[in-house]
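For reference, the structure is listed below as structure tokens.
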Amino acid sequence: MKFRVFYRQQRDYTRMTEDLLEDLSRQYQKSFERIDPDTPGGSSIARVYDVMDFPTFLVTMDDGREVARRSGLPLPTVADLAAMFVIV
């Protein structure tokens, strides 16, 4: 499974998103692929998954199939995101 987080830099939610990811990583030992949709590579990955709202938290299988998604504000809690891991 892969956990991808799409978010833009220098936005009102950026620091809160990074703090949330740090808390989740510390509590559940999860790693994340941080994707900036304003870069060429990030933009193409966002198009593949039709990410239109930020931040978007996306869980995919290793083959790329989407399993769970949470988009937009307000930000989810650590428990909300942790629940996304147990769907598979």
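Structure summary
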{"read-out": "Verdict on residue 82 being touching a Pro at 6+ places or on another chain (Cβ under 6 Å) and either modelled with pLDDT of 95 or more or under 16 Å from residue 2 (Cβ atoms) (or both)", "value": "no"}
{"read-out": "Residue count, the range 58-86 (criterion: open to solvent by less than 40 Å² (accessible area, probe 1.4 Å), touching a strand residue (DSSP E or B) at 6+ places or on another chain (Cβ under 7 Å) and among the small types (Gly, Ala, Ser))", "value": "1"}
{"read-out": "Evaluation of residue 68 against (1) in contact with a helix residue (DSSP H, G or I) (Cβ under 6 Å, 6 or more places away or on another chain); (2) in contact (Cβ under 8 Å) with a residue 60 or more places away in the chain (one fails), failing number", "value": "(2)"}
{"read-out": "Some residue of the range 2-24 being assigned to a loop (DSSP other than H, G, I, E, B) and hydrophobic (A, V, I, L, M, F, W, C)", "value": "no"}
{"read-out": "The range 1-57: number of residues that are surrounded by 14 or more Cβ atoms within 10 Å (Cβ to Cβ), of a type in the set (A, V, I, L, M, F, W, C) and within 20 Å of residue 74 (Cβ to Cβ)", "value": "11"}
{"read-out": "Subset of the range 48-67 [out of contact with any Ser or Thr (no Cβ under 9 Å at 6 or more places or on another chain) and under 19 Å from residue 1 (Cβ atoms)]", "value": "48, 59, 60, 61, 62, 63, 64, 65"}
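The values are calculated or read from the model by the stated rules, or taken from the named source; none is laboratory data. Everything quoted here is computed from the prediction, not taken from an experiment. Virtual Cβ from ideal backbone geometry, glycine too; neighbours counted across all protein chains shown. Heads up: the accessible areas ignore ligands, DNA and RNA and are worked out on the full protein's heavy atoms, side chains in. Shrake-Rupley method; radii C 1.70, N 1.55, O 1.52, S 1.80 Å.
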